[in-house]
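Written out below as structure tokens is the structure these notes cover.
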Amino acid sequence: MQEIPALISDLTAILVLAAITTLLCKKINLPSVLGYILAGFLVGPVVEFIPTIHDMANIEVWSDIGVIFLMFGLGLEFSLHKMAEVGVPGFLSAGIQALGMGIVGFFLGILLGWGTMNSVFLGVMLAMSSTMITMKSIEDMGFKEEKFSDLAMGTLVIEDIIAIFAMVILSTIAVSQSISGLALAERLGILLLYLALWLILGIYLVPTLMKKLVGLMNDEVLLIFSLALCFLMALLAEEIGLSTELGAFLAGSLLAGTVHAERVEHLITPCKNLFGAVFFVSVGFMVQPAMILKYIAPILLLAVVAIVGKLFFLTLGGLAAGQELDVSVSSAAAQTQVGEFSFIIAGLGQSLSVTGAFLYPIIVAVSVVTTFTTPFLLKLAGPLTRLLERILPDKWLAAIAKYSAARQADKSGENKDLTFFLKYYFQTLALYGVLAVGVILLGVRSLLPFLLRLDWGGRRAELVACGMMYLALLFLLPAMLRIKKRYFTALWLESTSNRLLLSILMIFRAGVVILLAVLPAFLIFQVNPLWLASGAIPLMWIVTRSDRLTGHYLEVEARFLANFNERKLAEQFGQGDQAEVHHWLTEQLYVVTLACPEKYVGEGMTLWDHGWGSADHINIIKIIRGKEHINIPEGDVKTRGGDLLVAMGSRRDLENFCFKQTVDGVRPQKGSRLQTLKEYIENQEGIPQTRQLLCCGVSLGKDLPQQGRSIRDSGIKEEWSAFLIGLERDLLPIPNPDRSMTLRTGDLLWVMGSQEMAGKLVRLGLLD
């Protein structure tokens, strides 16, 4: 009979004991992680009366796979949307706690005589709380709906991100055996670049690929696809000098933004639980009673420092973020344990041979102690808050309450125009800037050496590499110069201080573009940057005026936004739920009726001459001239004194437009107000039916001539007697789209017109 492989017998022992110990932990309401660690201790080398693991090397491989699965699962729970929702409170709370505990842990290690590297690793490990144990404690104790749970979860999300960066920093420090500022900055810079590049390309490519293959994605194929992406990105991360954990985490975060996220999470949960259990069991191998007894005093000291320090720094972080005292204390009490991420960091130190053998079992013991105390501290959060309210001076409590109220007021009264402008400004700069830097690095570090190896000759290889880089940059760099003019105009008109800020931002952006434009030729040919800049500036100016290129930018950005928001859009609107999209669109566009004075300075000027569409981002959807109603007027229609102009646009655009028109005497009609497009369409009782405006949706099929054309050249206005007010692409609503945008098959076009439009659409078979 063939002998059973050692791996099978080892796994049998691990799983049997893990099942028993976790059941016992569940029985006494303890986290299952403790059961796994206990199982690892029992099958480890210390306990002799239970069969010991024979093939430790294979178990370590399974343990490494377990870490990859755990990080992949963590990434599936994390998304960029979640990080945005965390907001300032999560960032401040996590940042203050990580910095404070990191410093305390480092100096405590130094005082204990453990040396610099052990102390650095100790500081980072003490700063990491447990997402799993915190969530479990909050749920088991019925606090999930409490306000502090949102702050705790947000803080843990940011802590996990800090841990990812900490692992890269620690790897750099460990390799050089010292803290080199230059090496550390370079390593972090590369990490940030690759992180951004991966996320941008991943958001653009992965959801798009999954949409095309959705018909083939049964559970089996989706599981294999997801795991392939996980391990591929883990290997790529290892190849470029980063950690496999980071690659797995990024793979999970890319899938977290897709509509398949919950299904993938459900499918990989058994794999994650199995391999994750092996990892935590392997942690138990390191528990050595003799070592624990030897270091019992430091273990208890570290446990107390971790609990007290986390309570202090997390409470301080919550207060700094403007949270109330009770919310800050309760959130801190839920996170006082040393988490499972610390095991991964401890394992990293051992694999790099830079930490002592004693550190791993010590941090495991500290984690066990702090895990036991977490539920009790959570129960004591209320009494602790009341104790602080009695102890702290009344002036301090009043200052805390006043600061919290002020933070909430600032949040509700923030300048939304500036927020939206800065958001688009930095998104555009980051999106195309990171891609441009990626193109330059790829060209200089990969393409040029490859061409030189082909014996093309030095000069020829350099010219080809440089030319290919500039072909890519010719598409990317002009896009960085685009701005949201509607917010720019509003901010420019609002105040002089805004003009200074906007000018600085525009100069900075132009400087970045010029720097990227001169880099390839400078790096390869060492050409004078000033000569390169003098040629790049006019070229960029010419390229930015290209309507075709603008159309490509808009298409890329629409695809990126649709992919980035795929899961949220699906949750908000539902697949194919057109009524909801229609409601959203008509609620976002506004209408106001303006009256031209009898002696109007714009008398005889055409709508094209006024240039309101390009300059003010509004559209005149109707001109009322006595009893005449000119619906969806052409650009050559002339305005006259006494005309009533029905303008449509976003709320802010219309407010800016009304403000500018008062100079020429144009004011809102008496009794007219800013109203949504939905309200305007529903309240046309006083207008004859033949003169009323209608709004409807048309699905763009492959057989329609508009497919593949820009909105400007689509002929919608001429052939349908309609005006395109917005479209929906991949569930992404795009109100008032740019005229250069290219229409694609599957777009849902929202058009406005009169009964003439409805008749034409019915005859064309586009309306039921």
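For the pair segment 430-449 and segment 691-718, the centres of their Cα atoms are 39 angstrom apart.
So the label point goes 7 Å from the Cα of residue 50 along Cα→C-beta, right? Which residues of segment 285-314 then have their backbone N under 16 Å from it? Taking a point 7 Å out along Cα→Cβ of residue 50, the residues of segment 285-314 whose backbone N falls under 16 Å are 285-290. Modelled spin-label separation between residue 655 and residue 238, with each label point placed 7 Å from Cα along the Cα-to-Cβ direction: 5.5 nm. Each of the peptides 587-595, 389-397 was scored by the mean count of other Cβ atoms within 10 Å over its residues; in descending order, highest first, they stand as 587-595, 389-397. Which part of segment 587-605 falls in the paramagnetic zone of residue 630, meaning amide N under 11 Å from the point 7 Å along Cα-to-beta-carbon? Counting backbone N atoms under 11 Å from the label point, the list is 604-605.
A simple charge model with +1 on the Cβ of Lys and Arg, -1 on the Cβ of Asp and Glu and nothing else charged puts the dipole of the chain at about 1720 debye relative to its Cα centre.
Note the full-extension length gain between residue 679 and residue 218 as 0.36 nm times their separation in residues minus their Cα-Cα distance, in nm to one decimal. If you can, show how the numbers build up before the last one.
Details: separation 461, 0.36 × 461 = 165.96 nm, distance 4.41 nm.
Between residue 679 and residue 218, full extension yields 161.5 nm more.
Once the C-beta distance of residue 273 and residue 205 is scaled by a Förster radius of 30 Å, the resulting FRET efficiency is 0.50 to the nearest 0.05. Centre-to-centre separation between the Cα atoms of segment 490-527 and those of segment 7-23: 61 Å. Note on the chain: helix-only mean residue ellipticity at 222 nm, from DSSP H runs of 4+ residues weighted -39500 (n - 2.57) and normalised by residue number, equals -22500 deg cm²/dmol.
Apply the a/c threshold of 1.5 to the C-alpha gyration tensor of segment 261-379 and tell me whether it is rounded, prolate or oblate. Cα axes put segment 261-379 in the oblate bin. Which of rounded, prolate or oblate describes segment 268-319 when judged by the alpha-carbon gyration tensor and an a/c cut-off of 1.5? It comes out oblate by the Cα gyration axes. Once the Cβ-Cβ distance of residue 738 and residue 455 is raised to the sixth power relative to R0 = 51 Å, the FRET efficiency obtained is 0.60.
Annotation: amide H of residue 257 has no partner in the under-5 Å range at sequence separation 5 or more or interchain, hydrogens built in the peptide plane. PRE reach from residue 422 (point 7 Å along Cα→Cβ): which of segment 498-515 fall under 13 Å by backbone N? Only 498, 501-502, 505 fall inside the zone, counting backbone N under 13 Å. In nanometres, what is the gap between the two model label sites at residue 15 and residue 61, each 7 Å from Cα along Cα-to-Cβ? Calculated label separation equals 1.8 nm. A simple spin-label model places the labels of residue 357 and residue 471 5.9 nm from each other, with each point 7 Å out along Cα-to-Cβ.
Relative to the Cα centre, the charge distribution of segment 224-296, modelled as +1 at Lys and Arg Cβ and -1 at Asp and Glu Cβ, gives a dipole magnitude of about 260 debye. Length gained on full extension, residue 445 to residue 501, computed as 0.36 nm times the residue gap minus the Cα-Cα distance: 16.5 nm.
Arrange the peptides 150-156, 327-333, 263-269 so that the one whose residues have, on average, the most other Cβ atoms within 10 Å appears first.
On the way: 150-156: 25.3, 327-333: 28.1, 263-269: 17.6.
Ranking the peptides 150-156, 327-333, 263-269 by packing returns 327-333, 150-156, 263-269.
Which of the residue pairs 26/147; 638/717; 670/760 have a Cα-Cα distance greater than 29 Å in the structure shown?
Numbers: 26/147 27 Å; 638/717 18 Å; 670/760 35 Å.
Violating the 29 Å Cα-Cα cut-off are 670/760.
Compute the helix-to-body angle for 147-176: its Cα long axis versus the longest principal axis of the chain, expressed 0 to 90° and rounded to tens. The two axes meet at around 70 degrees.
Report the relative contact order of segment 593-672, percent, no decimals, based on alpha-carbon pairs under 8 angstrom and at least 6 residues apart. Intermediate results must be reported in sequence, preceding the final value.
Numbers: 136 pairs, mean separation 35.2, N = 80.
Relative CO of segment 593-672 lands at 44 percent.
Relative contact order of the chain: what whole-number percent is it, with Cα pairs under 8 angstrom and at least 6 residues apart?
Values: 1073 pairs, mean separation 89.7, N = 768.
Relative CO of the chain lands at 12 percent.
Rolling a 1.4 angstrom probe over the protein heavy atoms with all chains in place gives the chain an accessible area of 48 Å² per residue. Residue ranges 371-381, 505-515 sort as 371-381, 505-515 when ordered by packing (mean number of other C-beta atoms within 10 Å per residue, highest first).
The values are calculated or read from the model by the stated rules, or taken from the named source; none is laboratory data. All values derive from a computational prediction rather than experimental measurement. Every residue, glycine among them, receives a Cβ derived from its backbone with ideal geometry; neighbour counts consider all protein chains shown. SASA here: full protein model, heavy atoms, side chains in, ligands and nucleic acids out. Shrake-Rupley method; radii C 1.70, N 1.55, O 1.52, S 1.80 Å.
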